[in-house]
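Structure record follows, encoded as structure tokens.
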Amino acid sequence: MTTDNRQIDTLLLPNQTIKRTVLDNGIVVLVAENLAADIIATRIFVRAGSCWDGMQSGLAHLLSAVLTKGTVQLSSWEIAEQVESVGAHLSADAAADYFLLSLKTVSADFAEILALAGQLLRSPTFPEIEVELEQRLALQDIRSQQEQPLTIAFEQLRQAIYKNHPYASSGLGYEATVSQLGRNDLQRHHQTYFRPDNLVISIAGRVTTIDAVTLVEQVFGDWQISETPLPTLTLPPLGVQPEQRITSQNTQQSIVMLGYLAPSAQDADYAALKLLANYLGNGLSSRLFVELREKRGLAYEVSAFYPTRQAPANFVVYMGTAPENTVIALLGLQTEVELLCSEKLSEATLQAAKNKLLGQYALSKQTNAQIAQLFGWYETLGLGVTFDTHFQQEIMSLTAAQLQQAACQYLLKPYVSVVGPEAAVNLTLETSRN
């Protein structure tokens, strides 16, 4: 089937039109035409992030570091020279739910850089010397993180919440796993998951849909679907059995962290919890910042986050505080979260929270790179590009009663993670037992 005859679905969204095409080999192509700037940004998603590492934690991350270091046709130096000679940007990364190749270039060079991306995705060579170099760098990063209290606190919190679930693992990996990875592991992972029926290509910029799809077909159209079925990712069930994990470390501050098992982005309560996380811990006007830092002077830093995930996510609030304030900081965090269940937000507070979140959300879709990222991400997670509109509508329609109900359902049984000087964490243990 030629591009001219291909079915292109047009999705009209507020201030944005996205056109979605599925190629014969299964590649989903999203195009957002934006003539304002002579820039084209592309995000190529592969449904093979760190959740697919299995027992080889850090595999997807290492693959992302080595993917751009050589193809059957080009050396690492030739790849870098081709990108830099036209002032383009090209990078690879791995998240929990996906692998990502990012491109940005002026429109005149789009065809050339997209063709290069095709080589990287389809015929990487993973040169042994590059694998060994990136492996050493990854191990250095892992050791460095072991000295960072915030990273340690989040690591042990994830382990407590997720246990045998892939979300428990660090995307960077661990010394024991990364040190055992080799070129053959990268090749096997690539051959298994890097295939056209596992790709989403999201393009935003000064290019028509027909031209963009035609170029994608020229680069990827002859990539055949493997006869071997795509492996199914089986995730273990998760239960809420709160526990406390504490690590002693000789640091200048204590990190106190509370975590709650929360729903995935597909769940009906996702929007309510997203609004609560924003209200609690996003920015200088957030509830935690005002109450625990400004009024009580407890926090060096304080925040909350609730990532958008394909599987159940974690709702996290945390604080960096002076060691002598560790216990009171823990109690303060828990009190502020529990107030969301015991007290309804006023209408004025609720509206202010909505305005803040929706304003920030609008600002996250200003550039071609942001647009390509957001809509490609939604498609990859199985939400579809119309999720953009649905999410905003759900935020606008939320009531104080719905937020309170969500808080009572999800935010009353915290997992606790504390990292700090021995005396401070011992006191925390004693307090928790009483």
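The values are calculated or read from the model by the stated rules, or taken from the named source; none is laboratory data. Quick caveat: nothing in here was measured; it's all calculated off a predicted structure. Neighbour counts run over all protein chains shown; Cβ positions are idealised from the backbone, glycine included.
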Helices (runs of 4 or more DSSP H) fully within the range 155-222 counting 1 or more residues that are of a type outside the set (A, V, I, L, M, F, W, C) and under 21 Å from THR247 (Cβ atoms): 175-178
Answer from VAL200, VAL240, VAL207, VAL216 - the residue that is within 30 Å of GLN159 (Cα to Cα), in contact (Cβ under 8 Å) with a residue 60 or more places away in the chain and touching a strand residue (DSSP E or B) at 6+ places or on another chain (Cβ under 7 Å): VAL240
Count - residues of the range 24-55 that are crowded, with 21+ Cβ neighbours inside 10 Å and either in contact with a Lys or Arg (Cβ under 9 Å, 6 or more places away or on another chain) or not charged (D, E, K, R) (or both): 16
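Tally the residues that are touching a strand residue (DSSP E or B) at 6+ places or on another chain (Cβ under 8 Å) and surrounded by fewer than 18 Cβ atoms within 10 Å (Cβ to Cβ), restricting the search to the range 334-359. Let's see the steps before the verdict.
Kept after step one, since they are touching a strand residue (DSSP E or B) at 6+ places or on another chain (Cβ under 8 Å), are these residues of the range 334-359: 334, 336-337.
Narrowing the set further to residues that are surrounded by fewer than 18 Cβ atoms within 10 Å (Cβ to Cβ) leaves 334.
So the answer is 1.
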Single residue of the range 384-399 satisfying the filter (at pLDDT 95 or above and either assigned to a loop (DSSP other than H, G, I, E, B) or in contact with a strand residue (DSSP E or B) (Cβ under 9 Å, 6 or more places away or on another chain) (or both)) that is surrounded by the fewest Cβ atoms within 10 Å (Cβ to Cβ): THR399
Failed condition for ALA271, given (1) in contact with a Pro (Cβ under 8 Å, 6 or more places away or on another chain); (2) in a helix (DSSP H, G or I); (3) closer than 27 Å to GLN16 by Cα: (1)
Lone qualifier among LEU280, LEU358, LEU276, LEU340 - being in contact with a helix residue (DSSP H, G or I) (Cβ under 8 Å, 6 or more places away or on another chain), closer than 24 Å to SER264 by Cβ, free of Cβ contacts under 8 Å to residues at least 40 places away in the same chain and in a helix (DSSP H, G or I): LEU358
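Scan the range 87-103 and give yes if some residue there is assigned to a helix (DSSP H, G or I), assigned by TED's automatic domain parsing to the domain that holds ALA212 and among the aromatic types (Phe, Trp, Tyr), otherwise no. Full working, then the answer.
Step one: filter the range 87-103 for residues assigned to a helix (DSSP H, G or I), giving none.
Scanning the range 87-103, I find no residue that is assigned to a helix (DSSP H, G or I), assigned by TED's automatic domain parsing to the domain that holds ALA212 and among the aromatic types (Phe, Trp, Tyr), so the answer is no.
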